[in-house]
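A.B. asks: What follows is a structure written as structure tokens; I'll ask about it next.
The values are calculated or read from the model by the stated rules, or taken from the named source; none is laboratory data. The structure presented is a predicted model; accordingly, all values stated were derived computationally and were not measured. Please note: Cβ atoms are built from the backbone with ideal geometry, for glycine as well, and neighbour counts cover all protein chains shown. All accessible areas refer to the heavy atoms of the entire protein, side chains included, with ligands and DNA or RNA removed. Shrake-Rupley method; radii C 1.70, N 1.55, O 1.52, S 1.80 Å.
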Amino acid sequence: MARLPPSAQTTTDEAGHLVATDFNDTYFSRDDGLEESRLVFLKGNHLPDAWSEKSVFVIGELGFGSGLNVLATWDLWNQTKPKAAILHIISFEGFLLDADAARAIHARWPELEPLSQKLIARWPTRSYGSQRLWFPEDRICVTIVIGQCAQTLPQMRFQADCWFLDGFAPSKNPDMWSPSILDQVVRLSKSTATLATYSVAGPVRRHLEAVGFEVQRVDGFGSKRQRLEARRVSKDELDSPQSAPKSAIVIGGGIGGSAMCAALTKRGLHVDLFDADPCGRYKASGNPIALIAPRLDRGDTREGRFYRSAYLLACDTYSQMDELAFARVGVIERSPTPQDQKRLADLARDPPLAGDHLIGHEDDSALLHLKGGVAYPDEVLKSLQRDCVRHPVAIAALERREGQWWALSETGKCLAKADLCVVAAGTGFKSFVDLGDDLRARAGQLSYIRTPELTLDHAICGGAYAAQSGQNLFFGATFEAWPLEDQTPPPVSSERHAHNLTILSEIAPELASEVDVSGLSGRGSIRVTTPDHLPLAGKAPGDQEGLFVLAGLGSRGFTTAFLCAEIIAARALNEPEPVAEDLVEALRPDRFLERAKRKKVMRPSPIN
Ligand SMILES: Cc1cc2nc3c(=O)[nH]c(=O)nc-3n(C[C@H](O)[C@H](O)[C@H](O)COP(=O)(O)OP(=O)(O)OC[C@H]3O[C@@H](n4cnc5c(N)ncnc54)[C@H](O)[C@@H]3O)c2cc1C
Ligand SMILES: C[S@@+](CC[C@H](N)C(=O)[O-])C[C@H]1O[C@@H](n2cnc3c(N)ncnc32)[C@H](O)[C@@H]1O
């Protein structure tokens, strides 16, 4: 199977409507797509009344198509959204249209132009997995899950308030209406969910009734005589209204804690951020630059899927920051070993990301990541921390009192209380949570030099990395065992510069030969790594309500922190998860403790 999902195959009919050739069906009614969307899906789900009392409203959609339903919903949301509420739309798509085709469709409805521009500017890329787009100014979050519904629906975990079933006519695309797909829709529905569609086909109605929907045929739109409205009448207990957390403490102001602050403040929480190193003397996130590039696997591995989704979310997040925070210079990925050369050549031939993101380079011996680049940590952290309250102090201890988390100083003084607490303290996590004995500290030195005459077109990575910023060339980095208890990084040394030059020469020999060793400066810091190369993001181990962990960001924290923060926010606030359930489970912070426990049981200690 190709690594890229298929693209939409389309043609236009004589009236200029887009038709999917594989399905011989139009993307929406020939009478008026927008009016159809408003009647069938919005009115069909009793919107806006249905969201009027909600703080979070979740819509599931089968068939993202041109995004017209998303725009119609967004438009209505902007006019009627309840104060401080958030709208999630999770839309499933197997054959992504390209942005130009979608733009041409939206152009039929000039009233949608401002929203269309926002969506098109951040149109998803063709790649398996989910891509989340946040529009915090409108309090709307769109997650597009790419792949065949039969595969992707069972992987996701969320509870929809309502559904738009929009997968072409059942007669033309029965796969999208099969009992197993409708079973998934039910699994992903709240006990009071509603559902709407233009199809009143008998088998669809009968199956919906069989799985607990009350189905009604009502007047249809345009040439369609009838449409369908349905409401779930579940024997399950009613979804109990949970009291939503309103405040959070975040410990650590590196990229992990800062991404967490942004994820929580955009959801309307009050966030107190505590950082023992506000000026960035030691923190791993205090380097002058951080490279943003994906880790791509040849196989369809869990790690590969996680890093790909994380990279796409990072690219989208950085695209919303200004050029002081991120320079999209593109990153050339080369290989330092023959084995890795095979991986790159294979990925260039059969890429997992579409051509707007990834192309083969240097005769396909390298890759060019077009949307990768250089992040400037100082500005990135500032931008992410913008809406929280910053406290430049260390937290000595956490206590659970009166149903909240209290952050205490050395002297036991309460510095803040909140409903939630996220520990994102880099090497400092041990003061607050037990994550087992498998996390490791790895010290690293980044080298840099002033080279006014140099102009690198792109950053470079592959074992080592190099990037130019202004008149400086940055390269590195060392990767050295270090005691986790020692939070002071090793001093900058010429041996470490020499090591960095050696690894640079493996992927960019000419560049390395131009570096004047005597002019080198550097910065040391410490990353936290895990044996399975995945971060930890989720509920803290043990029965500690409202306590979360973001740790083990390793060597790619500036790429992965945003997805980790979304996973934690979803869990903490009972919102739809941003990626497939197995990825969320793979990041569980209790996994090393659990593994250790299992090992102990398997290997009982000798009696004597
Ligand atoms: C040399 C080197 C080069 C790297 N290059 C890249 C790169 O190019 N691209 C990339 O994506 N990643 C890179 N990384 C990895 C990246 O820097 C890390 O993954 C990331 O910075 C980790 O972020 P963090 O928030 O978990 O930890 P940190 O950045 O270390 O932040 C943790 C913060 O928590 C604070 N803290 C700890 N205890 C307490 C407490 N009790 N109270 C209050 N605050 C506390 C600390 O003071 C610190 O400010 C590099 C790492 C190194 C070492
Ligand atoms: C009628 S169109 C959706 C129109 C869309 N809601 C809009 O607002 O433009 C149906 C969509 O379902 C997608 N689709 C069809 N079969 C699918 C499948 N098995 N899995 C995922 N998506 C599928 C098509 O590619 C198409 O984009």
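A.B. asks: Got a number for residues in region 498-516 being out of contact with any helix residue (DSSP H, G or I) (no Cβ under 8 Å at 6 or more places or on another chain), open to solvent by less than 20 Å² (accessible area, probe 1.4 Å), under 15 Å from LEU454 (Cβ atoms) and not in a loop (DSSP other than H, G, I, E, B)?
C.D. replies: Final tally of qualifying residues: 0.
A.B. asks: Then there is this: Can you tell me which residue in region 12-54 is nearest to ligand 1 (Cβ to nearest atom), limited to those that are closer than 16 Å to ALA160 by Cβ and surrounded by fewer than 16 Cβ atoms within 10 Å (Cβ to Cβ)?
C.D. replies: My answer is LYS54.
A.B. asks: Do any helices (runs of 4 or more DSSP H) entirely within region 1-120 hold 2 or more residues that are within 21 Å of ARG227 (Cα to Cα), among the aliphatic types (A, V, I, L, M) and within 14 Å of ligand 2 (Cβ to nearest atom), and if so, which?
C.D. replies: The helices (runs of 4 or more DSSP H) meeting that bar are 68-80.
A.B. asks: Moving on. Need the failing condition index for HIS533 against (1) open to solvent by less than 10 Å² (accessible area, probe 1.4 Å); (2) part of a loop (DSSP other than H, G, I, E, B); (3) in contact with an Asp or Glu (Cβ under 8 Å, 6 or more places away or on another chain), just the number.
C.D. replies: Unmet for HIS533, out of (1) open to solvent by less than 10 Å² (accessible area, probe 1.4 Å); (2) part of a loop (DSSP other than H, G, I, E, B); (3) in contact with an Asp or Glu (Cβ under 8 Å, 6 or more places away or on another chain): (1).
A.B. asks: Could you tell me which numbered condition LYS600 fails, if it satisfies all but one of (1) closer than 22 Å to TYR318 by Cα; (2) open to solvent by 20 Å² or more (accessible area, probe 1.4 Å); (3) not hydrophobic (A, V, I, L, M, F, W, C)?
C.D. replies: LYS600 satisfies every listed condition except (1).
A.B. asks: Is it true that GLU495 is touching a Pro at 6+ places or on another chain (Cβ under 7 Å), part of a helix (DSSP H, G or I) and open to solvent by 20 Å² or more (accessible area, probe 1.4 Å)?
C.D. replies: Answer is no for this residue.
A.B. asks: Of all residues in region 544-567, which are among the polar types (S, T, N, Q), near ligand 1 (Cβ under 7 Å from one of its atoms) and buried (at least 22 other Cβ atoms within 10 Å of the Cβ)?
C.D. replies: Passing the criteria: only THR559.
A.B. asks: Something else: Run LEU208 past the list (1) farther than 29 Å from ASP138 by Cα; (2) without any contact (Cβ under 8 Å) to a residue 60 or more places away in the chain; (3) open to solvent by 30 Å² or more (accessible area, probe 1.4 Å) and report the number of the one that doesn't hold.
C.D. replies: (3)
A.B. asks: Kindly indicate whether any position in region 177-193 is of a type in the set (Val, Ile, Thr), in a strand (DSSP E or B), in contact (Cβ under 8 Å) with a residue 40 or more places away in the chain and open to solvent by 10 Å² or more (accessible area, probe 1.4 Å).
C.D. replies: The answer is yes; a qualifying residue exists.
A.B. asks: Going by what's in this entry, would ALA99 be described as modelled with pLDDT of 95 or more and open to solvent by 10 Å² or more (accessible area, probe 1.4 Å)?
C.D. replies: Yes.
A.B. asks: Another question, then. Which ones in region 346-360 are surrounded by 13 or more Cβ atoms within 10 Å (Cβ to Cβ) and of a type in the set (D, E, K, R)?
C.D. replies: Within region 346-360, ASP346, ASP356 meet the criteria.
A.B. asks: Still on this structure, I have one more. Is at least one residue of region 553-561 free of Cβ contacts under 8 Å to residues at least 12 places away in the same chain and part of a loop (DSSP other than H, G, I, E, B)?
C.D. replies: no
A.B. asks: From the list GLY280, GLY268, GLY254, GLY299, pick out the single residue that is away from ligand 2 (no atom under 16 Å from the Cβ), among the small types (Gly, Ala, Ser), modelled with pLDDT under 95 and under 30 Å from VAL423 (Cα atoms).
C.D. replies: GLY280
A.B. asks: Does GLU453 satisfy being at pLDDT below 95 and more than 24 Å from the chain's Cα centre (by Cα)?
C.D. replies: yes
A.B. asks: For residues that are within 24 Å of ARG440 (Cα to Cα) and either of a type in the set (Ser, Thr, Tyr) or open to solvent by 20 Å² or more (accessible area, probe 1.4 Å) (or both), tally how many sit in region 568-581.
C.D. replies: Of the residues in that region, 0 qualify.
A.B. asks: Only one of (1) part of a loop (DSSP other than H, G, I, E, B); (2) loosely packed, with under 14 Cβ neighbours inside 10 Å; (3) charged (D, E, K, R) fails for LYS371. Which number is that?
C.D. replies: So LYS371 meets the others, but not (2).
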